[in-house]
Amino acid sequence: MSPSAVVWDSALLAYDMGDQHPFNPVRLHLTMRLATALGVLDDVPLLSPEPAGVKDLYRAHSAEYLEAVQQAPMAGWDVGHGLGSDDNPVFTDMHDAASLVVGSTLLGARCISEGRTQRAVSIAGGHHHAMQDRASGFCVYNDCSVAISWLLEQGYDRIAYVDTDVHHGDGVQAAFLGDPRVLTISLHQHPFTLFPGTGYSGEIGVEDAEGRAVNVPLPPNTGDAGWLRAFHAVVPSLLETFRPQILVTQCGVDSHGEDPLADLSLTVDGHRTIYRELRRLADGYAEGRWLAVGGGGYQLLRVVPRSWTHLIATVLDHDVAPDTPLPAEWTDMVRGVAPSAELPPTMSDGADGGFSAWGDGFDDAVDAAIRDTRRAVFPLHGLDPDDPRD
Ligand SMILES: [Zn+2]
């Protein structure tokens, strides 16, 4: 068995909301080019996805919404369902392009479910804001929700979803809010200061799924150390207790300090540390199964290609050392299209990704967020919110 699958086809670049829109597919193209130039993908076959069919899209979306998405390019701008806004402009072949994104994440899920691989990564996925009957936050169809629903149908009954995008993973949380089989954990910039305005620590799930939604809202300007401190204070204990059969992660990189749409202050080195931790947790607590998808990330040249190359490399166990120089063939290509781009010299931002553990007596706004989240959900998992060993 090949240990890991990489899902990619250049047809995924058709999910294109226009030159002036931040969700520019060039970020995917430049990532795949950088990963290739660094040799990360040597001898790794790329799996080419098929568009998801309507039957699978129904797992996460209403028939009326699917109809609206299909009709929108012909119907003009007034189709409702969140379509035709600045955030979610209607574009040619929108249904086909969004279905292919879902199909790519589904293909990764299928590879793992069928035992063909232990891990899979699709950087084109991660459209975590799409709701049952509306587009939201640049997302048309929710590939994460469709794939999780499909996995449930295959017999998985303990699925953990961890969302490290700077925005709350609201669409996925909403899809499984009352389902005790799915644990959703989202770390994000505080909803008081950022779209979509949800993801408070008090959002814990409903009915017999209380405690299955977990939210860690972080103050603006939180950097690597604070983010990783919060992650370690919340995520490993919950996964150790929940014991998922698979870990699904949304790996948006708009938490970076240079991202134009948000205000956290992580580095590429912090992102690399996150991926290595997710891999460790998948190996330790999720039977080795890890489905990783992309998400947000709007510093198109300097950040996304490096961070997601680290993601792909981590999934493949082809880890790239931080001090690795950017290959000239890649920087020359980028300068060919963006001559004034100031590109970093290496795969690092020069940070160390270090952090101090929660519970050491230190106390700041991140620690307050940690405390709120632990107190909201840890007792529902039989864990002590105030004991740092839990
Ligand atoms: Zn985002």
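The values are calculated or read from the model by the stated rules, or taken from the named source; none is laboratory data. Note that the structure is a prediction, hence the values are computed from the model and not measured. Ideal geometry is used to build each Cβ from the backbone, glycine not excepted, and the neighbour counts take in all protein chains shown.
Residues considered: N142, N221, N215. Of these, the only one that is polar (S, T, N, Q), surrounded by fewer than 18 Cβ atoms within 10 Å (Cβ to Cβ) and modelled with pLDDT of 95 or more is N221. Kindly indicate whether S85 is at pLDDT below 95 and either touching a Pro at 6+ places or on another chain (Cβ under 7 Å) or of a type in the set (S, T, N, Q) (or both). Yes; evaluated as a whole, the condition is true for this residue. Number of residues in the range 357-373 that are surrounded by 13 or more Cβ atoms within 10 Å (Cβ to Cβ) and under 27 Å from the mean Cα position of the chain (by Cα): the value is 9. Screening Y156 against (1) surrounded by fewer than 21 Cβ atoms within 10 Å (Cβ to Cβ); (2) under 29 Å from A72 (Cβ atoms) leaves a single unmet condition, (2). If you filter the range 318-342 down to residues that are over 14 Å from A37 (Cβ atoms) and hydrophobic (A, V, I, L, M, F, W, C), you find that the one that is modelled with the highest pLDDT is A321. Here N215 passes the criteria (1) farther than 30 Å from G115 by Cα; (2) in a helix (DSSP H, G or I); (3) polar (S, T, N, Q) except the one numbered (2). The criterion of at least 1 residues that are free of Cβ contacts under 8 Å to residues at least 40 places away in the same chain and surrounded by fewer than 20 Cβ atoms within 10 Å (Cβ to Cβ) is met, among helices (runs of 4 or more DSSP H) falling completely within the range 251-337, by 268-285, 328-337.
Does the range 234-247 contain at least one residue that is surrounded by 19 or more Cβ atoms within 10 Å (Cβ to Cβ), within 16 Å of the ligand (Cβ to nearest atom) and under 16 Å from the mean Cα position of the chain (by Cα)? Within the range 234-247, not a single residue is surrounded by 19 or more Cβ atoms within 10 Å (Cβ to Cβ), within 16 Å of the ligand (Cβ to nearest atom) and under 16 Å from the mean Cα position of the chain (by Cα). When V40, V102, V90 are checked against the criterion of being of a type outside the set (D, E, K, R) and under 25 Å from L326 (Cβ atoms), a single residue qualifies: V40.
Residue-wise test of (1) loosely packed, with under 15 Cβ neighbours inside 10 Å; (2) modelled with pLDDT of 95 or more; (3) among the aromatic types (F, W, Y); (4) closer than 27 Å to R279 by Cβ.
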position	(1), (2), (3), (4)
A5	no, yes, no, yes
R27	no, yes, no, yes
M32	no, yes, no, yes
L38	no, yes, no, yes
L41	no, yes, no, yes
L46	yes, yes, no, yes
R59	no, yes, no, no
A68	no, yes, no, no
A72	no, no, no, no
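Residues that are within 16 Å of the ligand (Cβ to nearest atom) and of a type in the set (A, V, I, L, M, F, W, C) within the range 122-157 comprise I123, A124, A130, M131, A135, F138, C139, V140, C144, listed in sequence order. Taken as a whole, the structure leaves A160 outside the set of residues that are touching a residue at least 60 places away in the same chain (Cβ under 8 Å), away from the ligand (no atom under 16 Å from the Cβ) and touching a Ser or Thr at 6+ places or on another chain (Cβ under 7 Å). Identification of helices (runs of 4 or more DSSP H) wholly contained in the range 1-102 with 2 or more residues that are within 14 Å of R134 (Cα to Cα) yields 63-75.
Looking only at residues that are among the polar types (S, T, N, Q) and away from the ligand (no atom under 12 Å from the Cβ) in the range 249-292, which one is nearest to the chain's Cα centre (by Cα)? Step by step, filter the range 249-292, then rank; the result is T249. Residues in the range 122-138 that are closer than 23 Å to V6 by Cβ and in contact with a Gly (Cβ under 7 Å, 6 or more places away or on another chain): S122, I123, A124, G125, G126, H128.
All conditions but one from (1) at pLDDT 90 or above; (2) of a type outside the set (A, V, I, L, M); (3) more than 24 Å from the chain's Cα centre (by Cα) apply to D349; the one that does not is (3). Could you check, for the range 87-109, whether at least one of its residues is free of Cβ contacts under 8 Å to residues at least 12 places away in the same chain and either in contact with a strand residue (DSSP E or B) (Cβ under 9 Å, 6 or more places away or on another chain) or farther than 30 Å from R279 by Cβ (or both)? Within the range 87-109, not a single residue is free of Cβ contacts under 8 Å to residues at least 12 places away in the same chain and either in contact with a strand residue (DSSP E or B) (Cβ under 9 Å, 6 or more places away or on another chain) or farther than 30 Å from R279 by Cβ (or both).
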